[in-house]
Amino acid sequence: MKKVVVFGGGTGLSSLLKGLKLFPLDIVAVVSVADDGRSTGKLRQEFNMPAVGDLRNVVVALSETEPLVEQLFQYRFKTNGNLNDHSVGNIMLTALLNINGSLTEAVSSFGKILNLKGRVLPLTEDLVTLVAHTDKGEKIIGEENITKSLKKIEKIEYLNKPKVIDAVVEEINNADLIVFSMGSLYTSIIPHLLCEEIVEVLSKSEVKKLYVCNAMTEHGETDGFSAGDHIKLMNKYSGTSLFDAIIVNTSKIDEQIKSRYKKLEKAEPVIVDEKELNKLGLEIIKDDIITVINDMVRHDSLKTGYLIFSYLMK
């Protein structure tokens, strides 16, 4: 069975994996652990531990257990007490971390409970913090603060360089395809490329590397970005021409939806600049892969998973 290693974080990676798990693949998801908001942020402070929220979402996405069990682990308490906004899954992962003494082992144990289709790995066991530098020369510390600031990011880095876990490097070396998921470019995707171990092993790897491009820009992170701009930024941080192919959306987005995004989120559809992508030496995989859920533009998990599977198997 072919092995696919997927990098990402946040809702983008979870969405992609829900479709990818439907195909006969050995899936390894590598998750950034710099989130410090909501329940995750509270647990980080109280237990001095890496972020578990994105890990929880990814494990649930790859789960093949009863929907009720998934619903349980995603459930958030609504109360005036200390449990407010904590998810059951985050608390479970924290308990498993304390039992196992390792975040990697905690995620593995959590995966056994949820009957995982694949393997989920944290990028690092270290307690990491992102630092953004804006176009005005400001420094913003912490992923939640970076996201909420909505200020234009010029550069992102870690406060302290993390050590990538050995299993991530091993899985890259054994991969048949490497995928970078759609998601927040500066806070979910590039954090992987800030790690020297990742960049080194990716640059040496001869397997194909594929990027699933965002469908919409994100205010503060990718204002005005085309598909080519996404690739160029990741190439800049990796120091190499990283990708062989890119998946882009060709669906026409409803004018009312576009107007809503522009007004409320200062976001717009990502332009697919094919000439620039060709100059970058990329194979362009085009399809209608967007769905609209509650007025939100989202990748169709099944279609996206099928495109990745087809690219690997051709």
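Determine the relative contact order of the chain: mean sequence separation of Cα pairs under 8 Å and six or more apart, normalised by residue count, in whole percent.
Relative CO of the chain lands at 19 percent.
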Handout entry: Computed lengthening from K152 to K139, 0.36 nm per intervening residue step minus Cα-Cα distance
Key = 3.6 nm
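Within the chain, which complete DSSP H helices have Cα atoms spanning at least 20 Å along the helix axis and a mean Kyte-Doolittle hydropathy of 0.0 or higher?
Passing helices, by number: none.
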Completion exercise
For segment 120-126, Karplus-derived ³J(HN,Hα) couplings (6.51, -1.76, 1.60; θ = phi - 60°; whole Hz; x for glycine and proline) come out as 10, 10, x, 4, 8, 8, 6
Problem - Cα-based Rg and Dmax for segment 1-156, where Dmax is the largest Cα-Cα distance (Å) - result: 16.1, 49
Exercise for the section: Per DSSP H run of at least 4 residues, take -39500 (n - 2.57); add these up for the chain, divide by its residues and hand me the 222 nm value, nearest 500 deg cm²/dmol. Expected result: -12000 deg cm²/dmol
Fill in the blank from the handout: Classified through the alpha carbon gyration tensor (a ≥ b ≥ c as square roots of its eigenvalues; rounded if a/c is under 1.5, else prolate when a/b is larger than b/c, else oblate), the chain comes out rounded
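GluC sites (Glu not before Pro), restricted to segment 195-232: which are DSSP loop and have at most 13 other Cβ atoms within 10 Å?
Taking segment 195-232 and a limit of 13 other Cβ atoms within 10 Å, the loop GluC sites (Glu not before Pro) found are E206.
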Handout entry: Under-5 Å amide H pairs with K208, H placed in peptide plane, nonlocal only
Key = I178
Practice task
Would you count, across segment 20-142, every pair of lysines whose alpha carbons are under 29 angstrom apart, provided the pair is eight or more residues apart or spans two chains?
Solution key: 6
Practice task
Report relative contact order for segment 33-122 in percent, whole number only (criteria: Cα-Cα under 8 Å, sequence separation at least 6).
Solution key: 29 percent
Exercise for the section: Describe numerically, in nm with one decimal, the distance between label points set 7 Å from Cα along Cα→Cβ at K286 and at T79. Expected result: 5.4 nm
Problem - For segment 33-122, radius of gyration divided by Kirkwood radius, i.e. Rg to Rh on alpha-carbons - result: 0.95
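Between K161 and S259, what length comes free when the chain is fully extended (0.36 nm per residue of separation minus the Cα-Cα distance, one decimal in nm)?
Fully extending the segment from K161 to S259 adds 31.2 nm.
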Exercise for the section: Loop only per DSSP, at most 14 neighbouring Cβ atoms within 10 Å: give me the trypsin sites (Lys or Arg not before Pro) in segment 1-104, ordered by residue number. Expected result: K2, K78
Exercise for the section: Calculate, in nm to one decimal, what T240 and K275 gain on full extension: separation in residues at 0.36 nm each, minus their alpha carbon distance. Expected result: 10.6 nm
Handout entry: Where GluC sites (Glu not before Pro) fall in DSSP loop in segment 1-75, at most 13 other Cβ within 10 Å
Key = E64
Completion exercise
Taking every other residue with Cβ under 13 Å from the Cβ of I257 and scoring Lys and Arg +1, Asp and Glu -1, one gets +1
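FYI, it's all coordinate maths here, none of it is from the lab. Computed from a predicted model, the values in this text were never measured in an experiment. Counting neighbours? That spans all protein chains shown, and the Cβs are built from the backbone with ideal geometry, glycine included.
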